[in-house]
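Here is the structure we will look at.
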Ligand code: DX5
Ligand code: ZN
């Protein structure tokens with residue numbers, strides 16, 4: 001069964017605690033936190049203080065997706081704020097092996113994300129340093145976009161390489177995940193589904209979480 005990481009990007013930020021509790025109580029496995037700097041992506045979302053507030057509010061596992069150009073400046077702050085997993089982009093600036101190692105040194109899980117134009121093979125050398133790889137199935141920056149099926153062969157290639165080398169690295173998919181596209185991603189090898197608008201845009205959020213978990 002795939003794990004579900006609802007993205008609070010589509011939650012009501014005036015009711016964030018309530019919206020987190022709703023999905024956690026319905027069986028969500030983690031909470032996906034989309035951090036955007038207006039530079040790496042053309043949008044600005046939330047940052048360290050919100051992660052800090054979430055940490056005070058919930059024991060849920062916080063899956064923090066950093067869509068920022070210079071992750072090295074903020075990794076320590078997100079770890080201190082209470083992120084359980086810190087996800088940096090392959091396309092970001094910095095010494096990626098050192099940054100992934102540093103995240104683990106801080107006692108947090110380290111993850112690497114690839115944008116739609118980045119081939120799966122680009123991260124093969126870094127797989128032993130990552131607890132998770134996130135394959136973006138939309139261009140990062142906004143919720144509510146359509147799933148790009150080109151992400152499926154990338155999931156398959158990563159799944160095969162992880163199996164071939166006997167690694168423990170997990171695979172997450174993010175962007176356009178719905179009850180229709182999730183089975184395709186699971187079949188291609190995804191362990192963790194991120195879903196924003198499909199969860200928080202549903203008329204009954206809890207029922208939608210349960211539907212994802214039943215896939
Ligand atoms: C997009 C973010 C996603 C976003 C997904 O840049 O990384 O996590 O919230 O939204 P949906 O599920 O609506 O495509
Ligand atoms: Zn995300």
Legend entry - So residue 41, is it within 14 Å of the chain's Cα centre (by Cα) and within 12 Å of ligand 2 (Cβ to nearest atom): no
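Only one residue in 198, 214 is within 21 Å of residue 26 (Cα to Cα) and under 17 Å from the mean Cα position of the chain (by Cα), so which one is that?
Result of the check over 198, 214: 198.
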Legend entry - Single match in 41, 24 (criterion: away from ligand 1 (no atom under 14 Å from the Cβ) and either over 23 Å from residue 115 (Cβ atoms) or at pLDDT 95 or above (or both)): 24
Inset, instruction - Filter segment 55-82 down to residues that are in contact with a helix residue (DSSP H, G or I) (Cβ under 8 Å, 6 or more places away or on another chain) and either within 15 Å of ligand 1 (Cβ to nearest atom) or at pLDDT below 95 (or both), then give me how many there are. - result: 4
Legend entry - For residue 194: the one exception among (1) more than 10 Å from ligand 1 (Cβ to nearest atom); (2) under 21 Å from residue 88 (Cα atoms); (3) in contact (Cβ under 8 Å) with a residue 40 or more places away in the chain: (1)
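The values are calculated or read from the model by the stated rules, or taken from the named source; none is laboratory data. Keep in mind that what you see is a predicted model, and the values were worked out from it rather than measured. Cβ: placed from backbone, ideal geometry, glycine included. Neighbour counts: every protein chain shown.
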